[in-house]
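**Q** Before we start, here is the structure in question, set down as structure tokens.
Each value in this text was obtained by applying a stated rule to the coordinates, not by laboratory testing. Computed from a prediction, not measured in an experiment: that's the story for all the values here. We place every Cβ from the backbone using ideal geometry, glycine too, and count neighbours over all the protein chains shown.
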Ligand SMILES: [Zn+2]
């Protein structure tokens with residue numbers, strides 16, 4: 001496993017999700033009315049902020065607010081969708097800014113993924129009838145066909161592939177100029193984590209991967225991914241790029257990576273910032289070799 005990586009965003013939530021309270025309508029009603037309860041407000045992935053750039057909370061907590069959990073003081077936290085406000089910031093930029101405590105970023109990630117799921121699952125995937133929210137936001141039911149629908153988490157493999165003190169990275173055409181990162185992709189049904197990683201790396205770069213170690217994971221709420229982080233050993237070196245997936249890929253030395261991390265690379269190349277799991281996988285590939 002990677003050593004402590006406190007700069008990685010959206011990990012280590014401090015809320016007790018208290019799942020046993022989600023069906024307790026009496027308790028939920030009291031918690032919504034309790035003055036110590038808090039309800040964060042999001043407009044898609046934009047977070048409502050106060051004039052002091054802290055979180056802005058709802059004045060009143062509505063019946064359709066999602067219950068996130070209890071904090072250390074036993075106070076309930078909720079989340080609700082809200083239209084645009086004067087002061088908002090995209091959750092990615094909020095995480096990069098470091099202006100909020102890490103536990104608040106974690107509950108915002110939970111809120112963002114759940115709110116997005118409700119916005120996109122108003123109708124039954126089985127029969128098309130309108131669905132209804134249950135369990136304070138952790139289930140939807142279809143009154144017509146009785147199907148139950150649960151919030152989804154999409155598994156994504158992300159892997160730093162290494163060979164001879166070099167690490168393989170690629171870039172997509174849509175990324176900021178000079179940005180390179182680890183290869184990644186969605187898992188497919190019926191795959192193991194390791195098989196998905198080997199398939200993605202082979203498809204995108206032509207590189208075969210042998211031994212793989214799963215070293216870290218990170219919820220990534222854009223909208224609902226779980227990044228499963230690995231370090232793997234390449235079995236060959238000749239890169240063959242699939243240009244429908246990535247624009248370029250190459251091997252990077254330890255000196256390259258250090259300069260990219262510090263922003264001093266001679267060609268202006270960069271790696272993702274510490275809030276992203278990719279940053280830690282890239283550096284971890286050199287720790288463990
Ligand atoms: Zn249905």
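**Q** Return the distance in nm (one decimal) between the two label points of a simple spin-label model at residue 155 and residue 73, each offset 7 Å from Cα along Cα→Cβ.
**A** A separation of 4.0 nm, rounded to one decimal place.
**Q** While we're here: Go ahead and run the numbers for FRET between residue 237 and residue 14, Cβ-Cβ distance against an R0 of 35 Å, rounding to 0.05.
**A** 0.20
**Q** Okay, moving on. For residue 199 and residue 255 in one chain, what is 0.36 nm times their gap in residues minus the Cα-Cα distance, to one decimal in nm?
**A** 17.3 nm
**Q** Still on this structure: Could you give the length gained by full extension between residue 147 and residue 173, i.e. 0.36 nm per residue of separation minus their alpha carbon distance, to one decimal place?
**A** Result: 5.3 nm gained on full extension.
**Q** What's the angle, to the nearest 10 degrees (0 to 90), between helix 277-287's Cα axis and the longest principal axis of the chain?
**A** It is inclined by approximately 40 degrees.
**Q** I need the calculated FRET efficiency for the pair residue 51 and residue 27, taking r as the beta carbon distance and R₀ as 30 Å, to the nearest 0.05.
**A** With R0 = 30 Å, the Cβ-Cβ based efficiency is 0.35.
**Q** Right, here's the next one. Quick one: which of 57-63, 136-142 comes out on top by average Cβ neighbours within 10 Å, and what's the full order, highest first?
**A** 136-142, 57-63
**Q** A further question on this structure: Okay, helix-only estimate at 222 nm for the chain: each DSSP H run of n ≥ 4 adds -39500 (n - 2.57), divide by all residues, round to 500 deg cm²/dmol; what do you get?
**A** -7000 deg cm²/dmol
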